[in-house]
1. Please give the number of the condition ASP308 fails out of (1) surrounded by fewer than 20 Cβ atoms within 10 Å (Cβ to Cβ); (2) under 18 Å from the mean Cα position of the chain (by Cα).
2. Would you mention how many residues in region 268-294 are closer than 16 Å to ILE22 by Cα, part of a strand (DSSP E or B) and among the polar types (S, T, N, Q)?
3. Being surrounded by fewer than 20 Cβ atoms within 10 Å (Cβ to Cβ), closer than 21 Å to TRP373 by Cα and touching a strand residue (DSSP E or B) at 6+ places or on another chain (Cβ under 7 Å) narrows it down to one residue among SER340, SER336; which is it?
4. Can you tell me which residues in region 59-79 are assigned to a loop (DSSP other than H, G, I, E, B) and either farther than 16 Å from HIS450 by Cα or in contact with a strand residue (DSSP E or B) (Cβ under 7 Å, 6 or more places away or on another chain) (or both)?
5. State the number of residues belonging to region 91-104 that are among the aliphatic types (A, V, I, L, M) and in a helix (DSSP H, G or I).
6. State all residues of region 44-83 that are among the polar types (S, T, N, Q) and under 18 Å from THR31 (Cβ atoms); if no residue qualifies, say none.
7. Identify, please: which residue in region 247-298 is under 23 Å from the mean Cα position of the chain (by Cα) and β-branched (Val, Ile, Thr) and is, among those, surrounded by the most Cβ atoms within 10 Å (Cβ to Cβ)?
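The values are calculated or read from the model by the stated rules, or taken from the named source; none is laboratory data. What you see is a predicted model; the values in this text were computed from it and never measured. Using ideal geometry, Cβ is built from the backbone for each residue, glycine included, and neighbour counts are taken over all protein chains shown.
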Amino acid sequence: MENSLPREMQDEAKSSSRPRVIILGAGPAGTGAAYQLMRTGIAQVTVLEQRDTVGGNAGSFEVGGMRVDYGSHRLHPACDPEILKDLSNVLGGDLLLRPRHGRIRLRGHWIHFPLKPLDLALHLPKSFTFGVATDMVRKLLPQGGSKSETFATVLERSLGRTICRDFYFPYARKLWGMPPEQLSVTQARRRVSANSLPKMIRKIASSIPGLKPPSAGKFYYPRRGYGEISERLYEGACKGGAEFLFSAKITGIEREGQKVTAVRYEQNGSEHVIKAGLIWSTLPLTVLANCMRPEAPPEVRAAATKIDFRGMILIYLVLEQQQFTEYDAHYFPEESIPISRLSEPKNYTGTSEPTNRTVLCAELPADPNSREWTMSDEELGQALCSWLGAAGLPVKAAVLEVKTRRLRQAYPSYRAGYEEWFGIVDRWLEEVDGLLTFGRQGLFAHDNTHHALYMAYSAVNCLRRDGSFDWDKWREYRKVFETHVVED
């Protein structure tokens, strides 16, 4: 597809009179920032990426002759209109609008997700319905205050015991590897979109014909996998003059006093240095803090060690059958089933190709020090088949191949009190002249792709043509970022 950048804009972007921005990381935030910088012609751009392709954890690759993602990803209609328009332009007919068709397992029953009133009435366990009704009555009675607010206290007060103890709490223990009482209240606000009964009721009601908006129960998805978003932004940025360096591992960010001067990276066994006065990082916040040369102050490095990310093992089964189920995703809140979600990539696009073959992708929350992390692909494949059988989804077709991917920083862990440690690192990095951290990993934000792209566009809006950065405007954007809530 031809890039929409005007030729005069491409020539302007290549001009040596423009400031150069070095972007660290080529996920959605990094590629989005590179694309937008080239569109505006504000700066020259060089992007350093450790992998050999763009997309990061929102990228795509091939398994068994099919394109798959790093887990389950969707582009939500809540995407900023300007950004959605740009994505529609670069993806063209490849950006599909698809109906959501998933399921959640609750007390041994499958419930459609997104939630639908009729399905809830027919399939929700009566004991669960009675428990929710009792909780709603209990909310009308005087409530005692809690001395310290956590993820657990806020959700249980808002949603009631039944929903929390049957769904959110076991899911939280599985996803983040800690009791819900140890999670910050921020986790409840930013990770749970329906974090009160009225909100949950409104979400359910939005699926009723006549009440639902046009985009309700739908999502955007690229024909060639979720990674096509970053791939097309990359192509557009390159045509505008941006430079991308792959297999480039960041080894240091040099500074003189509180001003950045260069980036060091390893590529093909050799170390390289790029002089830089503007460095935009999408690296995990903890990695960025530890890359500073000279080292960050001891209190900053100590705070960085207290900021945790949750890991994830992705298990891919290639099956000799046309389709495993009709559903795009299955959610498993119960702790007896170790995986949190199962997706079938073919169902995201609705394709029938290739025939008589499909891939399943299971998400297994785990950390590098866990037993599962050291298991072989074959062992994980066998374990997955056993777990699916226990959930009433037996694998009957021949397993043609098992592949895995391990993500060390899949989700930020909002452990109670993390705000203090994050604040120490964040404030110090902001004082380093010429350095900007943004994106999901860079701002320790459990956000969606459309949020990461919004951060990228916001950063470009703050860069002036003389290379200076409008920090007051950025701080206003940061307040907006804090209102983002994950779309499931």
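1. Condition (1) is where ASP308 drops out.
2. Selection size over region 268-294: 1.
3. Numbers: SER336 fails: touching a strand residue (DSSP E or B) at 6+ places or on another chain (Cβ under 7 Å).
Unique residue meeting the criteria: SER340.
4. Applying the first criterion (assigned to a loop (DSSP other than H, G, I, E, B)) to region 59-79 yields 59, 64-65, 70-74, 76-79.
Scanning region 59-79 gives GLY64, GLY65, TYR70, GLY71, SER72, ARG74, HIS76, PRO77.
5. Step one: filter region 91-104 for residues among the aliphatic types (A, V, I, L, M), giving 91, 95-97, 104.
In the following step, the residues that additionally are in a helix (DSSP H, G or I) were identified as 91.
Residues that pass the stated criteria total 1.
6. Quick first cut of region 44-83, residues among the polar types (S, T, N, Q) only: 44, 46, 50, 53, 57, 60, 72.
GLN44, THR46, GLN50, THR53, ASN57, SER60, listed by residue number.
7. Among residues in region 247-298 that are under 23 Å from the mean Cα position of the chain (by Cα) and β-branched (Val, Ile, Thr), the one surrounded by the most Cβ atoms within 10 Å (Cβ to Cβ) is THR282.
Conditions (1) free of Cβ contacts under 8 Å to residues at least 12 places away in the same chain; (2) buried (at least 18 other Cβ atoms within 10 Å of the Cβ); (3) not aliphatic (A, V, I, L, M), marked per residue:
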{"site": "LEU436", "(1), (2), (3)": "no, yes, no"}
{"site": "LEU443", "(1), (2), (3)": "no, yes, no"}
{"site": "THR449", "(1), (2), (3)": "no, yes, yes"}
{"site": "SER458", "(1), (2), (3)": "no, yes, yes"}
{"site": "ASP466", "(1), (2), (3)": "no, no, yes"}
{"site": "ASP472", "(1), (2), (3)": "yes, no, yes"}
{"site": "HIS484", "(1), (2), (3)": "no, yes, yes"}
